[in-house]
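**Q** Would you mind keeping the following structure in view while I ask a few things?
The values are calculated or read from the model by the stated rules, or taken from the named source; none is laboratory data. In this text, all values refer to a predicted model and were calculated from it rather than measured experimentally. Here Cβ is always computed from backbone atoms with ideal geometry, including for glycine, and neighbour counts include all displayed protein chains.
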Amino acid sequence: MVEKLNIRKHQHERYGLIVQYLVSEFSSLERSEMQEKVNQVVLQNPVAKAVYVLDESGIQLTCMACKRDIHPRKGIFQMPHQGTDHSSRDYFYVLTQPGFTRKIFTSDPYISPATGLFCLTISALFTDNRGRPNILCVDVVPTYLQYMEGFWLFMGYSGFVFYSPMVCGDRP
């Protein structure tokens, strides 16, 4: 158990360092240059599964760039488009609301509305080269969540949540 906690701790420290580096890169950019940088980050960083930038109101400034190896599940899961409102998400409001003093935040695991996979969002508050506040969001899938990929989450008629193994030809 202690070993698993240490692995998680080291993963989160690594994520923090990656996001701090990315913030220094994004801070020197105009908003109009951020889309190209988002695309580069996804291609060059093996940890980042998806990257996007929000403005000070929680509106998505860039298109979400995702790894090509992530195949969104069909149905209700869709990539959020530029202009999507993320202001109700914890990875936004924890960084922007009065009383909160964090500059970097890691969300609890959740099912991504873009891909249907379990992930975490690491978000960081930064200012662009004109001093405007922005939020960099980096979605990651830590190793301890990769094991959840083979499970679907269902809500029963009684209101209880339960897991059921996903039935798929190419998976056990």
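**Q** Go through (1) assigned to a loop (DSSP other than H, G, I, E, B); (2) more than 12 Å from LEU136 (Cα to Cα) one by one and return the number of the condition THR62 breaks.
**A** Unmet condition: (2).
**Q** Take the residues of the range 1-59 that are aromatic (Phe, Trp, Tyr) and modelled with pLDDT of 90 or more: which is surrounded by the most Cβ atoms within 10 Å (Cβ to Cβ)?
**A** Quick first cut of the range 1-59, residues aromatic (Phe, Trp, Tyr) only: 15, 21, 26, 52.
Cutting the leftovers down to modelled with pLDDT of 90 or more gives us 21, 26, 52.
On the way: TYR21: 12, PHE26: 23, TYR52: 28.
The selected residue is TYR52.
**Q** Tell me, yes or no, whether the range 68-77 has at least one residue that is in a loop (DSSP other than H, G, I, E, B) and in contact with a strand residue (DSSP E or B) (Cβ under 7 Å, 6 or more places away or on another chain). Before you say what the answer is, go through the steps one by one.
**A** Residues of the range 68-77 that are in a loop (DSSP other than H, G, I, E, B), as a first pass: 68-77.
With in contact with a strand residue (DSSP E or B) (Cβ under 7 Å, 6 or more places away or on another chain) added as a condition, the list becomes none.
The answer is no; no qualifying residue exists.
**Q** Could you run through the range 1-34 and say how many residues are without any contact (Cβ under 8 Å) to a residue 12 or more places away in the chain and among the basic types (Lys, Arg)? Step through it out loud before you land on a result.
**A** Kept after step one, since they are without any contact (Cβ under 8 Å) to a residue 12 or more places away in the chain, are these residues of the range 1-34: 1-3, 5-6, 9-10, 13, 17, 21, 24, 32-33.
Add one more test, that the residue is among the basic types (Lys, Arg), and what stays is 9.
Selection size over the range 1-34: 1.
**Q** Of everything in the range 35-47, what is assigned to a helix (DSSP H, G or I) and in contact (Cβ under 8 Å) with a residue 60 or more places away in the chain? Give them in sequence order.
**A** As a first pass, look at the range 35-47 and keep what is assigned to a helix (DSSP H, G or I): 35-44.
Passing the criteria: only VAL41.
**Q** Considering (1) within 18 Å of ALA48 (Cβ to Cβ); (2) surrounded by 13 or more Cβ atoms within 10 Å (Cβ to Cβ); (3) modelled with pLDDT of 65 or more, say which one ILE111 fails and leave the rest.
**A** Single failed check for ILE111: (1).
**Q** Considering only residues that are surrounded by 13 or more Cβ atoms within 10 Å (Cβ to Cβ) and farther than 24 Å from GLU36 by Cα, look in the range 73-87 and name the one that is modelled with the lowest pLDDT.
**A** ARG73
**Q** Looking at the range 88-99, which of its residues are surrounded by 12 or more Cβ atoms within 10 Å (Cβ to Cβ) and either of a type outside the set (A, V, I, L, M) or under 16 Å from LYS49 (Cβ atoms) (or both)? Step through it out loud before you land on a result.
**A** The first filter runs over the range 88-99 and keeps only residues surrounded by 12 or more Cβ atoms within 10 Å (Cβ to Cβ), leaving 89-96.
Within the range 88-99, ARG89, ASP90, TYR91, PHE92, TYR93, THR96 meet the criteria.
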